[in-house]
Amino acid sequence: MQFSDELEFTHRDRKDVYEYVERYGTVEYETARTALNMEPTAFGHHVAILKRDGIIDQTDEQLSVAFESGTEERFSEDDIEVVIRQARESDLTGLVGAIRKAIDNKTYIVAENIADIVDHEDVLLRHNDLESRVFFVATVNDDVVGWVHLNAPEIAKLGHTAELTVGVLEAYRGYGIGSRLLERGLEWATEHDYEKVYNSVPSTNEGAIVFLENHGWETEAVREDHYLIDGEYIDEVMLAVSL
C-alpha cells in the first residue's frame with residue numbers, strides 16, 4: 001500500500017482491523033483479535049482479505065501495515081558506506097535517538113516535537129484519515145545517522161502541502177547525506193502529488209536556513225519571538241519550496 005492510497009474498506013470490521021494495526025504499528029495477531037472482540041473465523045477472514053489487497057502484512061504472529069518500501073540508494077564517501085531507504089517500524093528507537101542527538105542544541109523545535117510524538121505513540125509510519133507520516137533514513141552499518149520526515153494532513157484544503165524535517169548526526173555531516181535525504185523526501189512528495197513542502201526553524205539555526213536556501217527554498221514568513229529557548233525569545237523562520 002502506498003501513502004497516497006485512499007482508505008476505503010468494503011466492510012466495517014476490516015476498517016476496524018486496519019485502524020487497530022495502524023494505531024500500534026506492529027501488533028500480535030491474537031492481541032488484535034481479542035481487543036476487537038472478533039470471533040477467530042471472522043477475524044481470520046478479514047485479515048486474509050486485507051493481506052490479499054496489500055494493506056496488511058503478517059509475519060509469524062505479528063500484523064503490520066503493508067507500506068511499500070521503495071528502492072534503496074547506496075553510495076560511498078570517504079570510505080563510509082551509506083544506505084538511504086524508507087524507514088521501517090523497527091527503526092523507531094534508533095531514529096528517535098538520532099533526531100534527539102542531532103538537535104541537542106535546541107535549534108530545531110519542529111524536529112524535536114516529531115521525535116516526542118513518535119516516541120509517545122510508539123509508531124513511526126502513519127496513514128489514516130487524519131494524516132500520512134513517512135520517514136526515510138540514512139544508515140551506516142545499519143545504524144541510523146540521518147533522516148528526512150514528511151507529514152501531510154488528510155484535509156482537502158491542505159492536501160497539497162506537506163511538512164518536512166531533515167537532519168544528520170554531526171559526525172556524518174559534510175558527506176552529502178543531508179542533500180541526498182532532502183532530495184529523496186522531495187521526490188516522494190512530488191510522486192504523491194504535493195505542490196509545496198515547508199519547514200520552520202528558529203532564526204538561530206543559521207546552518208539549516210543556509211542549507212535549505214542552497215537547495216532552492218525561500219523564506220515565506222518570519223514570526224517574531226515565536227520560541228522561548230533558554231529564557232530568550234527567538235524568531236521562527238518559515239521556509240518553503242514549490243514542487
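A few notes on this one:
- Each of H11, H120, H192 was scored by other Cβ atoms within 10 Å of its Cβ. Arranged with the fewest first, they read H120, H11, H192.
- Look at I84, I99 and count the other Cβ atoms within 10 Å of each Cβ; fewest to most, that gives I84, I99.
- Within the range 101-181, none of the GluC sites (Glu not before Pro) combine a DSSP coil assignment with at most 12 other C-beta atoms in a 10 angstrom radius.
- For the pair the range 78-98 and the range 193-243, the centres of their Cα atoms are 25 angstrom apart.
- Residue with peak Gaussian network fluctuation, the chain [Cα springs, cutoff 10 Å], from E28, E187, E232: E232
- Of the residues M238, M38, the one with the fewest other Cβ atoms within 10 Å heads the list, and the complete ranking is M238, M38.
Read the figures in this text as sums done on the coordinates, not as results from a lab. Just so it is clear, the model here is predicted, and its values are computed rather than measured. Here Cβ is always computed from backbone atoms with ideal geometry, including for glycine, and neighbour counts include all displayed protein chains.
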